[in-house]
1. Within the range A:46-71, how many residues turn out to be more than 20 Å from B:PRO155 (Cα to Cα) and in contact (Cβ under 8 Å) with a residue 12 or more places away in the chain?
2. With the requirement that a residue be without any contact (Cβ under 8 Å) to a residue 24 or more places away in the chain and crowded, with 21+ Cβ neighbours inside 10 Å, what does the range B:127-138 give you?
3. Search the range B:57-69 for residues being surrounded by 16 or more Cβ atoms within 10 Å (Cβ to Cβ) and in contact with a strand residue (DSSP E or B) (Cβ under 9 Å, 6 or more places away or on another chain), and hand back the single one that is farthest from B:GLN286 (Cα to Cα).
4. Of these, A:PHE254, A:PHE181, which one is under 28 Å from B:LEU199 (Cβ atoms) and among the aromatic types (Phe, Trp, Tyr)?
5. When you scan the range A:175-193, do you find a residue that is facing chain B (nearest Cβ under 10 Å) and free of Cβ contacts under 8 Å to residues at least 60 places away in the same chain, even just one?
6. Based on this model, can you work out whether B:PHE153 counts as more than 7 Å from chain A (Cβ to nearest Cβ) and surrounded by 22 or more Cβ atoms within 10 Å (Cβ to Cβ)?
7. What are the residues in the range B:247-273 that are at the interface with chain A (Cβ under 10 Å from one of its Cβ atoms), of a type in the set (S, T, N, Q) and either crowded, with 24+ Cβ neighbours inside 10 Å or outside any helix (DSSP H, G or I) (or both), if any?
8. Could you tell me whether any residue of the range A:5-20 is closer than 30 Å to B:CYS120 by Cβ, assigned to a loop (DSSP other than H, G, I, E, B) and not assigned by TED's automatic domain parsing to the domain that holds A:LYS164?
Amino acid sequence: MVGRAPIWIIFVVGIVGCLWIIPIIGIVATSLQTTDSIARGWWHFGENEFSLQAWYTVWQTYPLAGSLWVSIKITLAATALTMVTAPAAAYVFHYLRFPMRRLWLIIIINAFVLPQQVVIIPLFQLWREVGLLDNMAAVVIPFVGLSYAWAVFLIKSFLEDFPKELIEAARIDGCGPIRTFTQVVLPNLISPIAACGILQFLWCWNTLLLPMLFLRSDISLTVLLARIAGTYDPNLDQQAVAAIVTALIPLAIFLLFQKQFAAGNRVSSGGKE
Amino acid sequence: MASAKPHARESGVPFTPTGTGSPNRPRRGLALPEWTTAFLLLTPVILLFSISVIYPVIETVRISFWEIRGLGRPSFVGLGNYARLFSDPVFLGTLWTTLIFTLGVTIVSVSIGWFIALLCAFAPRQTSIFRLMIFATFGISEAVAGYIWIGIFRPGDAGLLNGILTAIGLGEFAQPWLGGANSALIALIVTASWSAVGLPLLLSFASVQAIPRSILEAAYMDGAKPLTMMWHIMVPLSLPGARVAVFLTLLSSLRAFDIVFVLTAGGPARATETVGFFMYRESMTQFNLGYGAAATIILLIGVLLVSTPAIAQRTRGAK
């Protein structure tokens, strides 16, 4: 930044950084050791025995592959739906005039404060009545509906800096609102839509409450892990593998798309300056 | 703010094309097609949003005035559920737990995140790998974080925390951390802070980086030491980012559920139940739907109180 960075600063940040990943190292080490070694403490690297046993057996012990597939299906469906519908909504709210526009906008963008707990009792009753419990849709619908609160806000913030002249030019050339959206606005919305997609993907994959309540037989990875964690199951090495598998995909997405994730988070939190 | 925004239409358009409507209408397009198109594009959003937000909020409020136990006949009790909540020692305990947990997580994670962000500003490139190591927990779900930390707080030799205490000669402090009421709450705060620190780090770092270089260079020329610069210049100037971080961390820890469920499941003896967890337990495991709904409304009121400034700001900005 300015001048030379004092070495102690790098040192302090380095220590905190290393402290922060110790739990992650712990879980990886646990997954690679025998149960006897884990009971002694995973950090006794000198004496402990390492084995890949847990990584082989876990697929038979827990329905890991099935849950992985459920997580992928739910998350992709919810992410795709948000990425398709939220930009259209943001465009409509930003450029078109229609009755009760401002009221809807205010309700939607302020809904981001709502706790998920508010939706579970009514939706549980509703899904039970219409027979949607244990159906993927029971989770995907609230995932998408709740995402509008921040997704519409995120994309609309981006549209605020979008040149009005382009919209105007399209209108003069005879474009209707829909063609203006698909041919002028949409091609320029790639980066906020990508940010939305990444935030939504991480949230849907990682969240526990809704899938835990609305899914029964085909459960997502996060729910599976929560179930395993609550039992007195001695197979700590296999549990660790399950935790790593649960964390791996979102962590990879997160690390790959850090920039979009950071930008999306700053804007949707209202922290953009 | 784009300066050309409000009058772009008038100044940028020299003439009105004929044949697309009346020549001197004030707004673009015909009124009817425009709002028809608007509703066409909005239908899926309004539909899904209504099912998953508007209906549940109204319905939760309604249910909170009824006593519904399992499949029995519901009976209207007015504010009875609320009266019962505030004479229920368990619920009053969860209010206290929620307060401690929320404040604890916010203070710990924002102060660590902000401090690291300030330090990193002096050497952004050299610290980027360490920043990533801290930031990475942001991509790990609360459920996985809870599971990982169970391993650290495990009783006996297998728990890392007890292992460290024994190794440095403080073995008498080793204990089953998740087994005691106070230590379990502390464990919960530590775990939640570990997983929540990413957002404060991200927002404060963006805010620190936005400080004009000239100000920092001037301070450096005047011989200010890093800590002095941090305290007198960078802390006040990065306050906006930190303030947003405080708000968002307050909001998310107030609503916490996943991490409580996985790490302590509210135990031991309901000592670490937050309001968000109490509501789940009452309505989804005890099937006291009305009672659980009333607790949810209390949580909602708390959330709305915390978010009033943010809601006011968004509402003002909704153009």
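The values are calculated or read from the model by the stated rules, or taken from the named source; none is laboratory data. Remember, predicted model here, so these are calculated numbers, not experimental data. Please note: Cβ atoms are built from the backbone with ideal geometry, for glycine as well, and neighbour counts cover all protein chains shown.
1. 18
2. Once the filter is applied, which keeps residues that are without any contact (Cβ under 8 Å) to a residue 24 or more places away in the chain and crowded, with 21+ Cβ neighbours inside 10 Å, the range B:127-138 yields B:THR127, B:PHE130.
3. From the range B:57-69, those surrounded by 16 or more Cβ atoms within 10 Å (Cβ to Cβ) are B:57, B:59-61, B:63-68; that's our starting set.
Right, trim to in contact with a strand residue (DSSP E or B) (Cβ under 9 Å, 6 or more places away or on another chain) and you get B:65-68.
Values: B:PHE65: 18, B:TRP66: 16, B:GLU67: 13, B:ILE68: 11 Å.
Once the filter is applied, the top-ranked residue is B:PHE65.
4. Working: A:PHE181 fails: under 28 Å from B:LEU199 (Cβ atoms).
None of the other options fit; the residue is A:PHE254.
5. Yes, the range A:175-193 contains a residue that is facing chain B (nearest Cβ under 10 Å) and free of Cβ contacts under 8 Å to residues at least 60 places away in the same chain.
6. yes
7. Just the residues of the range B:247-273 that are at the interface with chain A (Cβ under 10 Å from one of its Cβ atoms), to begin with: B:247-248, B:251-252, B:254-259, B:261-263, B:265.
Next cut, of a type in the set (S, T, N, Q) only: B:252.
Matches in the range B:247-273: none.
8. Residues of the range A:5-20 that are closer than 30 Å to B:CYS120 by Cβ, as a first pass: A:5-20.
Those left that are additionally assigned to a loop (DSSP other than H, G, I, E, B): A:5-6.
Narrowing further to those that are not assigned by TED's automatic domain parsing to the domain that holds A:LYS164: A:5-6.
Yes, the range A:5-20 contains at least one residue that is closer than 30 Å to B:CYS120 by Cβ, assigned to a loop (DSSP other than H, G, I, E, B) and not assigned by TED's automatic domain parsing to the domain that holds A:LYS164.
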